[in-house]
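S.K.: Sharing a structure with you now.
The values are calculated or read from the model by the stated rules, or taken from the named source; none is laboratory data. All values reported here derive from a predicted model rather than from experimental measurement. For neighbour counting, all protein chains shown are included, and Cβ atoms are generated from backbone atoms with ideal geometry for every residue, glycine included.
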């Protein structure tokens, strides 16, 4: 999880408050100290932490409680509002219909810029846009080869010229090429050869004069923590059309420092990288990001993602009347597992469900994902008839399926048992009844808040 340690510390601070008998001045001051500790451990600048927590304390002790809220809920609301503002203002990356947008990507050496370019290209390609990537990095050997390899996974086109050493010429020719082919978005990957902000800004200005981008995006490595501030300030001063992409937020305890440091400069963070894979990218929306961090979930994003996958893959889910009649088949289950797999890693999906993100140990997610993969392999070894009507699966069929899938008979029986449980549960839902116990009851309780 992105900033897992910070998320757990902040959640623990709020849970401690919710267990307090009275939310008095002492409880508020204790909450403030817990928030300070959590943020400082995430490499957030001391001055920024003190400014933030002073605001939280002042509002929590002085503000009049609105009707319908108790003091405890009001303090939590204040913490959420102040932390959201602390993490920056929301800003969308938009593409206008019928107009080509040129984005020049810049970044210091080792920031993960080339992978970030591929992530952005893949992200917008999946949304139905025509995307072209220009490799104007003539400094690093293998830059073009890396982009070409990534393009095979992401399905976007790359323009490069291994014989040409003039990066400005390649950038100009590449932009021209993709404009003619009617691309909606052109991403220009520049050389990440500089180790100092001043040198990078000079190079950026020179290239920008030639290709006239609509936006310049600076890629910042999240692992540098609060040092990101110097880069963001220099960048902000150098261009008026800049935005920022913070990478590697999944593998660092300093991500909170990087996010808050950049936000403090007034620079616009538009995307964050949440993992190594091409689909591990998300638009940066501070309030949604914070909601997941605090275990409040992000159902809107999850439902949108599922909707996109269902539409793209043309997945047909059983109708309510079919469920009520017990017509959920293993083929339906297989399709739903495929859809779940495409929404992203199980942990990331669960983070979007209120109350689940940090309550489940990492090991449990790993075991769960392995089990789901095994269930898919088992179903791939079944006949069409068995998938449509699992009731015909007897002992000899179980033996055959286990042999064909390279699993054990116990694994096949476990899948059939899970299927029966799922069928009963969905029939209960279809009849309008709500389960009182079990994981579904917990989920509904969490969704209700």
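S.K.: In the range 14-29, what residues are in a helix (DSSP H, G or I) and either more than 32 Å from the chain's Cα centre (by Cα) or crowded, with 17+ Cβ neighbours inside 10 Å (or both)?
M.R.: 14, 17, 25, 26, 27, 28, 29
S.K.: Which of the following residues is surrounded by fewer than 21 Cβ atoms within 10 Å (Cβ to Cβ), in a loop (DSSP other than H, G, I, E, B) and either in contact (Cβ under 8 Å) with a residue 40 or more places away in the chain or assigned by TED's automatic domain parsing to the domain that holds residue 125 (or both): 276, 210?
M.R.: Result of the check over 276, 210: 276.
S.K.: Follow-up question, since we're still on this one. Just to be sure before I move on: is residue 77 in a helix (DSSP H, G or I), over 30 Å from residue 230 (Cα atoms) and out of contact with any helix residue (DSSP H, G or I) (no Cβ under 7 Å at 6 or more places or on another chain) in the structure I sent?
M.R.: yes
S.K.: Can you confirm whether residue 11 is farther than 18 Å from residue 74 by Cβ, touching a residue at least 40 places away in the same chain (Cβ under 8 Å), assigned to a helix (DSSP H, G or I) and under 29 Å from the mean Cα position of the chain (by Cα)?
M.R.: Spelling it out, residue 11 is indeed farther than 18 Å from residue 74 by Cβ, touching a residue at least 40 places away in the same chain (Cβ under 8 Å), assigned to a helix (DSSP H, G or I) and under 29 Å from the mean Cα position of the chain (by Cα).
S.K.: Let me ask something else. What are the residues in the range 389-408 that are assigned to a helix (DSSP H, G or I), in contact with a helix residue (DSSP H, G or I) (Cβ under 8 Å, 6 or more places away or on another chain) and surrounded by 14 or more Cβ atoms within 10 Å (Cβ to Cβ), if any?
M.R.: 390, 397, 398, 401, 402, 405
S.K.: Additional query: If residue 128 satisfies all but one of (1) buried (at least 21 other Cβ atoms within 10 Å of the Cβ); (2) without any contact (Cβ under 8 Å) to a residue 60 or more places away in the chain; (3) not in a strand (DSSP E or B), what's the number of the condition it fails?
M.R.: If we test residue 128 against (1) buried (at least 21 other Cβ atoms within 10 Å of the Cβ); (2) without any contact (Cβ under 8 Å) to a residue 60 or more places away in the chain; (3) not in a strand (DSSP E or B), just (1) comes out false.
S.K.: Does the range 35-47 contain at least one residue that is in contact (Cβ under 8 Å) with a residue 60 or more places away in the chain, in contact with a strand residue (DSSP E or B) (Cβ under 8 Å, 6 or more places away or on another chain) and either under 30 Å from residue 244 (Cα atoms) or not assigned by TED's automatic domain parsing to the domain that holds residue 265 (or both)?
M.R.: Taking every residue of the range 35-47 in turn, none turns out to be in contact (Cβ under 8 Å) with a residue 60 or more places away in the chain, in contact with a strand residue (DSSP E or B) (Cβ under 8 Å, 6 or more places away or on another chain) and either under 30 Å from residue 244 (Cα atoms) or not assigned by TED's automatic domain parsing to the domain that holds residue 265 (or both).
Here is a yes/no grid of residues against (1) closer than 23 Å to residue 93 by Cα; (2) over 28 Å from the mean Cα position of the chain (by Cα):
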residue	(1), (2)
169	no, yes
176	yes, yes
183	yes, no
186	yes, no
189	yes, no
199	no, yes
207	yes, yes
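S.K.: Given 137, 161, which one is in contact (Cβ under 8 Å) with a residue 24 or more places away in the chain, surrounded by 15 or more Cβ atoms within 10 Å (Cβ to Cβ), assigned to a loop (DSSP other than H, G, I, E, B) and touching a helix residue (DSSP H, G or I) at 6+ places or on another chain (Cβ under 7 Å)?
M.R.: From the options 137, 161, the qualifying one is 137.
Residue by residue, here is whether (1) crowded, with 18+ Cβ neighbours inside 10 Å; (2) farther than 21 Å from residue 281 by Cα holds:
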site	(1), (2)
48	yes, yes
66	no, yes
73	no, yes
84	yes, no
122	yes, no
